[in-house]
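Below is one structure, written out as structure tokens; the observations come after it.
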Amino acid sequence: MNIGLILPAAEKNDTKALPRLLSKMGEFLSSRCLFTSQTIELMDGMAFEVITLNRQTQEILANEGLRKKLKFRLHRYLEEARIWPVLEHPDLNGLYDPHHYAMDEAVVKEIVVNRFQEVLSLIQGVGDLSSKEITVTGGSTHLEHAIAKLVTKVKVMNLLLPEGSLEPSEAELAFMETGIPVHITTDWEVLNRSALWLRFPFDDARFDELPQKYRGIIVDFGEAKIIDTKNRKIFSVYPEFCDRIKRKIGHNILGSWPKGVLESVVISVCSNAWDKSVTDTSIRLGMRLSFKS
């Protein structure tokens, strides 16, 4: 599987040379020096095909007719080399593909939810959970999962439910097995005792107003965000290539896209190709989770 990356020239050419280039464009377009290509093996069976426009090619992009010819040459090369999908640098303004690749939020959110323990380990200031009281909200399946994974790691776990909700059966069982209190409540003031509020998907929409009253750290797994209400900072969680792959790709290429965009595209492509969940795919690719404000 080869994923294409189209990059602009590293340096801009002298624009004074443009008229001369345009006058010889028929000869130029028939040559083989429009771009260079480099293969970067990421892992067995997967590689980035990095296509870099040369300095002269960069100068013709403003000419619509020549731009179409360049696009045709690129398309033929990519098709013959069986390169797909293809991402291009934002500065090329839709030379090859008018679609602007952005972070695949659905992919990121699913990974963050399923790897929530890793997210918690990244948050500075949380410290040892065994001495802390935490509050958890979310749909019943997520609450049961949180109980199973976290009950032995915290001092007290509070499950904040909306009025009329069914209590998760795992709560009583967890207390009987571990002796660690799992409090089930509909009183939002329980947050006043909690340094950490874990919001999983499908918690009650009425809880959306509570962050204005809460003073602590909210980990919103459903939105892939960490919210520090005391310092009024919001951090987005995103997947990141492991150091081995980052070294292969290089800082210049990675810096050409916003953080997490290349990673989320690679995860989506590989997930479909391997017929695996995006979470399992992210683990197989050695992706780690990081966050930025």
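State which entries of K132/K259; K71/K292; K68/K246; K109/K149; K246/K292; K230/K292 exceed 24 angstrom in Cα-Cα distance in the structure shown. Could the numbers behind the result be given before it?
Working: K132/K259 32 Å; K71/K292 35 Å; K68/K246 33 Å; K109/K149 19 Å; K246/K292 18 Å; K230/K292 17 Å.
Those over the limit are K132/K259; K71/K292; K68/K246.
Could you give the accessible area per residue of segment 46-91, probe 1.4 Å, as a whole number in Å²?
Counting only protein heavy atoms, the per-residue value for segment 46-91 is 52 Å².
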Selection from V190, N272, G94, by position along the positive dipole direction of the chain (Cβ): G94
Using a cut-off of 12 Å between beta-carbons, work out the net charge of the residues near S293 (Lys and Arg +1, Asp and Glu -1, S293 not included). +4
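Put E189, E263 in order of accessible area, largest first, 1.4 Å probe: what do you get? Could the numbers behind the result be given before it?
Details: E189 95, E263 15 Å².
The ordering from most to least exposed comes out as E189, E263.
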Which percentage, to the nearest 5, of the DSSP beta bridges contained in the chain is antiparallel? 45
What residue among M103, M43, M157 has the largest mean-square fluctuation in a Gaussian network model of the chain, using Cα springs under 10 Å? M43
Can you give the accessible area of I234 in Å² (nearest 10), computed on protein heavy atoms with a 1.4 Å probe? 90
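Lys and Arg at +1, Asp and Glu at -1: add these up for the other residues within a Cβ distance under 14 Å of A148 and post the number.
Details: positive: K149, K153; negative: E144, E170, E172, E177.
Net charge in that neighbourhood comes out at -2.
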Check: segment 42-148 dipole with +1 on Lys, Arg Cβ and -1 on Asp, Glu Cβ, in debye: 580
How much accessible area does H142 have with a 1.4 Å probe, in Å² rounded to the nearest 10? 40
Evaluate the charge dipole of the chain about its Cα centre and quote only its size in Debye, nearest 20, assuming +1 on the Cβ of each Lys and Arg and -1 on the Cβ of each Asp and Glu. 1580
Let a ≥ b ≥ c be the square roots of the eigenvalues of the Cα gyration tensor of segment 110-229; is it rounded (a/c under 1.5), or, if not, prolate (a/b larger than b/c) or oblate? rounded
Hey, what's segment 112-180 come to in accessible area per residue, 1.4 Å probe, Å²? 51
Which of rounded, prolate, oblate describes segment 156-293, given a ≥ b ≥ c as roots of the alpha-carbon gyration tensor eigenvalues and a/c under 1.5 marking rounded, otherwise prolate only if a/b is larger than b/c? prolate
Looking only at R76, R115, R215, which one moves most when the chain is put into a Gaussian network model with springs between Cα atoms under 10 Å? R76
Per residue, how much accessible area does segment 215-293 show when a 1.4 Å probe rolls over the protein heavy atoms, in square angstrom? 49
Return the whole-Å distance between the Cα centroid of segment 88-132 and the Cα centroid of segment 237-286. 10
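With the full set of protein chains in place, find how many percent of the accessible area of the chain is carbon and sulfur; take the probe as 1.4 Å. Provide the component values of the computation, followed by the final result.
Details: 7660 of 15720 Å².
C and S fraction of accessible area: 49 percent.
The values are calculated or read from the model by the stated rules, or taken from the named source; none is laboratory data. Everything numeric here is computed off the predicted structure, so don't read it as measured data. We place every Cβ from the backbone using ideal geometry, glycine too, and count neighbours over all the protein chains shown. Areas reflect the complete protein model, heavy atoms only, side chains present, ligands, DNA and RNA absent. Shrake-Rupley method; radii C 1.70, N 1.55, O 1.52, S 1.80 Å.
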